[in-house]
1. Restricting attention to the stretch 97-108, and to residues there that are in a strand (DSSP E or B) and near the ligand (Cβ under 9 Å from one of its atoms), which single residue is surrounded by the most Cβ atoms within 10 Å (Cβ to Cβ)?
2. Look at the stretch 74-96 and say how many of its residues are more than 16 Å from the ligand (Cβ to nearest atom) and either assigned to a strand (DSSP E or B) or of a type in the set (A, V, I, L, M) (or both).
3. Going by the structure shown, is residue 67 surrounded by 15 or more Cβ atoms within 10 Å (Cβ to Cβ) and away from the ligand (no atom under 16 Å from the Cβ)?
4. Kindly list the number of the only condition in (1) in contact with a Ser or Thr (Cβ under 9 Å, 6 or more places away or on another chain); (2) in a strand (DSSP E or B); (3) more than 21 Å from residue 32 (Cβ to Cβ) that fails for residue 61.
5. Given the conditions (1) within 13 Å of the chain's Cα centre (by Cα); (2) loosely packed, with under 13 Cβ neighbours inside 10 Å, which single one is not true for residue 30?
6. Give just the number: which of (1) surrounded by fewer than 17 Cβ atoms within 10 Å (Cβ to Cβ); (2) part of a strand (DSSP E or B) does residue 54 not satisfy?
7. Pick from 19, 34: which is of a type in the set (Ser, Thr, Tyr) and either at positive phi or assigned to a helix (DSSP H, G or I) (or both)?
8. Could you grab the pairs with beta carbons closer than 8 Å, sequence gap of 6+ or different chains, first residue in the stretch 1-13 and in contact (Cβ under 8 Å) with a residue 60 or more places away in the chain and under 16 Å from residue 77 (Cβ atoms), second one buried (at least 17 other Cβ atoms within 10 Å of the Cβ) and of a type in the set (S, T, N, Q)?
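Derivation of every value follows stated rules applied to the coordinates shown; laboratory data play no part. All of these numbers come straight from a predicted model, not from anything done at the bench. All Cβ positions, glycine included, derive from the backbone under ideal geometry; neighbour counts span all protein chains shown.
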Amino acid sequence: MKIKTGDMVVVIAGKRQKSDYQGVPRKVLKVLPSQNKVVVEGHRVVKKHVRPSKDRPKGGRIEKEYPIDVSNVMLYCEHCERGVRVGSKFTAEGKIRVCRSCGKEVPLPKGMRPKRSKNLPVSAEKENSSSAQGEEKAEEGKE
Ligand SMILES: [Zn+2]
């Protein structure tokens, strides 16, 4: 998955709020790679009824974000100020994500380092040689 915990994304499909239509970015709280889902801050908040427990002696309701499909969000590009499609590129630092609109790097969330590839010489700047290419091509066809 290209989206990481801490990324800013724009919700583009599914149940949306007014701010989502305006392209206001939201923070990714958690990614669930095995389910291809992400938990987006303030998006699809559901109230859950909980039974009294040790932590909550009174029980009651808690508000929790519901995971949504990763295809419903797009990575936010600071330069384009909207959700964009991203490609990947190999640099001396490792694999980076680049905006498909402006070509600028979409930095990883703070504290994350790009993955280095052992198979590729660091000087080779190969665009889109990652394994996730099938997904990219499918997206291309839709437009
Ligand atoms: Zn951009």
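1. To start, the set of residues in the stretch 97-108 that are in a strand (DSSP E or B) comprises 97-99, 105-106.
From what's left, near the ligand (Cβ under 9 Å from one of its atoms): 98-99, 106.
Details: 98: 19, 99: 20, 106: 23.
That would be 106.
2. Count: 5.
3. When the stated conditions are applied, residue 67 passes them.
4. That leaves (1) as the condition not met.
5. (2)
6. Of everything listed in (1) surrounded by fewer than 17 Cβ atoms within 10 Å (Cβ to Cβ); (2) part of a strand (DSSP E or B), residue 54 misses just condition (2).
7. 19
8. 2/88; 11/72; 12/72
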